[in-house]
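Worksheet: one structure, shown below.
The values are calculated or read from the model by the stated rules, or taken from the named source; none is laboratory data. Bear in mind the structure is a predicted one, so any value in this text is a computation, not a measurement. Cβ sites come from the backbone with ideal geometry, for glycine too, and all protein chains shown count toward neighbours.
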Amino acid sequence: MKQTFDFEQFDPPALNERILRRKLEKRAERRRTVILAVAGALFQALFILLGLLCWSNAPAAALACIGFAAVSMVGSGVITIIYAREGRENYDPVY
């Protein structure tokens, strides 16, 4: 069988337990961040639907629910922008 890649041409990257653990922690943090973002979006959708459902019975409560969801969306957007900018500067890629 013909060898397609010469493994002796380059040295393999140096790996140790600390680097692998840090990589696992970053993956777990990314997974938790995605789960938290999805939970926040579902929470906001819940408040919008709650506001729409109680619009005919309690318009003030409906406006409060929709307003809370709107303020929450704006806050989440701001936090996402800040996290994306600051996180990029502090990101330490592990190879």
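Looking at (1) farther than 15 Å from THR80 by Cα; (2) out of contact with any helix residue (DSSP H, G or I) (no Cβ under 6 Å at 6 or more places or on another chain); (3) surrounded by 10 or more Cβ atoms within 10 Å (Cβ to Cβ), which is the one condition that is false for GLY51?
(2)
List pairs: first residue in the range 59-88 and farther than 15 Å from ILE48 by Cα, second residue part of a helix (DSSP H, G or I) anywhere in the structure, Cβ distance under 6 angstrom, at least six positions apart or on different chains.
SER76/GLY40
Could you grab the pairs with beta carbons closer than 7 Å, sequence gap of 6+ or different chains, first residue in the range 16-44 and under 26 Å from VAL78 (Cβ atoms), second one modelled with pLDDT under 90 and small (Gly, Ala, Ser)?
Pairs that qualify, where the first residue is under 26 Å from VAL78 (Cβ atoms) and the partner is modelled with pLDDT under 90 and small (Gly, Ala, Ser), are GLY40/SER76.
Would you please name the residue that is farthest from ARG30 (Cα to Cα), looking only at residues in the range 56-80 that are part of a helix (DSSP H, G or I) and of a type in the set (Ser, Thr, Tyr)?
SER72
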